[in-house]
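The values are calculated or read from the model by the stated rules, or taken from the named source; none is laboratory data. Treat the numbers as computed from the prediction; the structure is a model and nothing was measured. Note that each Cβ is placed from the backbone with ideal geometry, even for glycine, and that neighbours are counted across all protein chains shown. Just the protein is used for accessible areas: all its heavy atoms, side chains included, with ligands, DNA and RNA removed. Shrake-Rupley method; radii C 1.70, N 1.55, O 1.52, S 1.80 Å.
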Amino acid sequence: KDAATKKKIALEDIIGLKSKDIYRDVQHFVQKQRLSDHIVASIEGSKVIIRITGKILFPSGLADLSPKAGPILDDIAAIAKRYPEHHVRIEGHSDNIPISTEQFPSNWELSAVRATTVLRYLIGRGINPHRLTATGYGALFPLLPNTTDTNRARNRRVEFVLEKKEKG
């Protein structure tokens, strides 16, 4: 039992080290591209979460990538390639201001199409599609109350959740 406990602790240490390596790599590209106002990374357990404000990736109300998005997503793709044992969940989020266009009847559709647009970009950069998922959450999970323009801007985001694949 003692050996099993040590083995489990060692595995958790290795997973934690990988998370720290990913976090360090993200911090490096954020500093290199001077994007600390737009990109925040955090470690939550064995997951690394990269939050990117929506306005740097997409024009308001659209799901077409902005010109600034390419270099950012290229760096995310490079990080994903360095850690092939990790899945990448791509999560689109919006604020609570209703949108109703022909293409996007609600924030739900907008957030979902943004997430899949990013997913398709990463596949185009050589990331194995089996490692990727894309989900749109609309306004369900705000980071801050949607009470000010600044808060709403922070809530409009794309998150990348890198998590080690379970074997089996």
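Brief remarks follow.
- Qualifying positions in the stretch 54-78 - among the polar types (S, T, N, Q) and within 20 Å of Leu143 (Cβ to Cβ): Ser60
- Test: Ile56 is among the hydrophobic types (A, V, I, L, M, F, W, C), under 26 Å from Lys32 (Cβ atoms) and out of contact with any His (no Cβ under 9 Å at 6 or more places or on another chain): no
- Single unsatisfied condition, Ala112 versus (1) of a type in the set (A, V, I, L, M); (2) assigned to a loop (DSSP other than H, G, I, E, B); (3) out of contact with any helix residue (DSSP H, G or I) (no Cβ under 9 Å at 6 or more places or on another chain): (2)
- Per-region count, the stretch 34-51, residues among the hydroxyl-bearing types (Ser, Thr, Tyr) and outside any loop (DSSP other than H, G, I, E, B): 1
- Members of the stretch 33-51 found to be closer than 14 Å to Ala80 by Cβ and touching a Lys or Arg at 6+ places or on another chain (Cβ under 8 Å), listed by number: Ala41
- Which listed residue is part of a strand (DSSP E or B) and either open to solvent by less than 60 Å² (accessible area, probe 1.4 Å) or farther than 13 Å from Gly54 by Cβ (or both), from Gly126, Gly92: Gly92
- Residue count, the stretch 26-51 (criterion: touching a residue at least 40 places away in the same chain (Cβ under 8 Å) and either of a type in the set (S, T, N, Q) or crowded, with 18+ Cβ neighbours inside 10 Å (or both)): 8
- Restricting the stretch 134-168 to residues that are among the basic types (Lys, Arg) and in a loop (DSSP other than H, G, I, E, B), the residue that is most open to solvent (accessible area, probe 1.4 Å): Lys167
- Tally, over the stretch 115-154, of residues that are polar (S, T, N, Q) and under 12 Å from Glu91 (Cα atoms): 4
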